[in-house]
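Read-outs throughout are calculated quantities, based only on the coordinates presented, and are distinct from any laboratory measurement. Please read all numbers here as calculations on a predicted model, not as lab measurements. Using ideal geometry, Cβ is built from the backbone for each residue, glycine included, and neighbour counts are taken over all protein chains shown.
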Amino acid sequence: MTENLQRPSLRPDQENSTTDSTPRTDPGPSPEHPGHPDHPFNRYVALGDSFTEGIGDPSPESPGGHRGWADRVAEELAHGHKDFAYANLAIRGRLLNQIINEQLEPAIDLHPDLVTICAGGNDVIRPGGDPDRLAEKMDGTIARLRETGATVVLFTGPDIGATPVLGSVRGRVAIYNENLRTVAARHDAVLADMWALRELSNPQMWAPDRLHFSPLGHHTIAAMVLDTLGVDHSLEPHAVKEPTRKNWRTARSEDLVWAREYLVPWVVRRVRKRSSGDGISPKRPDAGPFFGSGMPQGSGEAADTFGQV
């Protein structure tokens, strides 16, 4: 890889903002909007699969029953911006071609000035997933989105070496990530680097299915995305306990329960060539005002509901 990652041009007051993916400890309010920082975004559209839909972060009051990192980012971006609009077109189980065919043009039709896209993860973990061919498709997709003038954020995959389910495809994920770094640099896109977000190696960041992120994981990723964009926010890092050491019998018992409840249904769907997203529609198909779990409708104050979902 010979190209260096570049960030898109930001406002002068954002030039010195850190891109470090570690959640900040002191977000600091904006002088113009105490507690509600200023930023240039008015219309945000999220594309992707279960990760962006918010699976693993259950929230009965959210459309589709899931909140997720993208909703959390939208909550922060909506503070102090009465005309802010947000759409989320992501659907669980979608492969890269499906995301391109089903979500790309509808997203462009919504005229966003900010787009996030995380795609290809479901392809990479499947047998025969080719990270080079996937990156070629992503290259054309990012080029199309950047033609609109929107700021585009794409994601590297997390370092899954420590996860018992996906550790065997770690090498393919790493290759795909390096390709995505080149794509981001070529098209002047923002790269949200989950691979570098070491907090995600803690088991508490993962949902019980061991495939999706927990509410804590989604919270941590949302803070990283906002940091990468240079946007001040109110998402404080949460204390994470050290993993409890388990004896062999306990770990084996938990593995058997997990296999029965999550692994077997996943394998059955693969055999039947079905997807968890069959019959599912986007939870926020239109770009409209956003009132999420963290920002009750009619209130200008945000309430961090982490741990209540």
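Run the numbers for SER281 and LYS82: contour at 0.36 nm per residue of separation, minus the present Cα-Cα distance, in nm.
Using 0.36 nm per residue and subtracting the Cα-Cα distance, I get 68.9 nm.
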Legend entry - Distance (nanometres) between label positions extended 7 Å along Cα→Cβ at SER168 and ASN247: 3.0
Inset, instruction - Pop a pseudo-label 7 angstrom from the Cα along the beta-carbon direction at both ARG126 and ASP113 and give the gap in nm to one decimal. - result: 3.8
Legend entry - Overall form of region 87-183 per C-alpha gyration tensor (a/c, 1.5; a/b vs b/c): prolate
Legend entry - Stretchable slack from ASN97 to GLU147, in nm (0.36 nm times residue separation minus alpha-carbon distance): 16.0 nm
Inset, instruction - Kindly state, to the nearest 0.05, the FRET efficiency for THR182 paired with ALA239, given R0 = 51 Å and r defined as their beta-carbon distance. - result: 0.90
